[in-house]
Amino acid sequence: KPQFSQVDRNPPFDKGLLAEKMVEMAKSAIESKSGGEYALDICNCDRSIGARISGEIAKLHGNQGMKDAPVIFRFKGTAGQSFGVWNAGGLNMYLEGDANDYVGKG
């Protein structure tokens, strides 16, 4: 019997579409360090929201680089696992609704 998998891996369930949309929406505000406020709907299949855009903020300005001109996202709906995970300083996220486990971890 083979000692390794002979089957292709499963495609990722969460393709990170909402996370990419957040970066697209706020990219110019992050690049210019001007901040901004945005609103989006969220569903429980949107996981680790905050991590991707925090990476963009940290890459350009460091962990606290946007604290004087924050990027603010207001969500409505049910957030998936790890909402607000590893947020950079200057990324503020508000949720009107509920969230799955591990809110704000890291």
Whichever residue in the range 22-52 is under 16 Å from the mean Cα position of the chain (by Cα) and without any contact (Cβ under 8 Å) to a residue 24 or more places away in the chain and, among such residues, is nearest to G97 (Cα to Cα): M25
Residue within the range 8-21 that is crowded, with 19+ Cβ neighbours inside 10 Å and over 11 Å from the mean Cα position of the chain (by Cα) present: no
Unmet criterion (only one of (1) in contact with an Asp or Glu (Cβ under 7 Å, 6 or more places away or on another chain); (2) assigned to a loop (DSSP other than H, G, I, E, B)) for V23: (2)
Condition met for A79 (within 21 Å of F13 (Cα to Cα), at pLDDT 95 or above and either buried (at least 18 other Cβ atoms within 10 Å of the Cβ) or touching a Gly at 6+ places or on another chain (Cβ under 6 Å) (or both)): yes
Residues located in the range 26-71, provided they are in contact with a Lys or Arg (Cβ under 8 Å, 6 or more places away or on another chain), farther than 22 Å from L95 by Cα and part of a loop (DSSP other than H, G, I, E, B): G65
Count of the range 83-106 residues which are farther than 15 Å from G35 by Cα and part of a strand (DSSP E or B): 6
Residue list for the range 33-72, filter: modelled with pLDDT of 95 or more and among the basic types (K, R): K33, R52, K59
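The values are calculated or read from the model by the stated rules, or taken from the named source; none is laboratory data. Just so we're clear, the structure is a prediction, and the values are computed from it rather than from any experiment. Note that we place each Cβ from the backbone using ideal geometry, even for glycine, and neighbour counts take in every protein chain shown.
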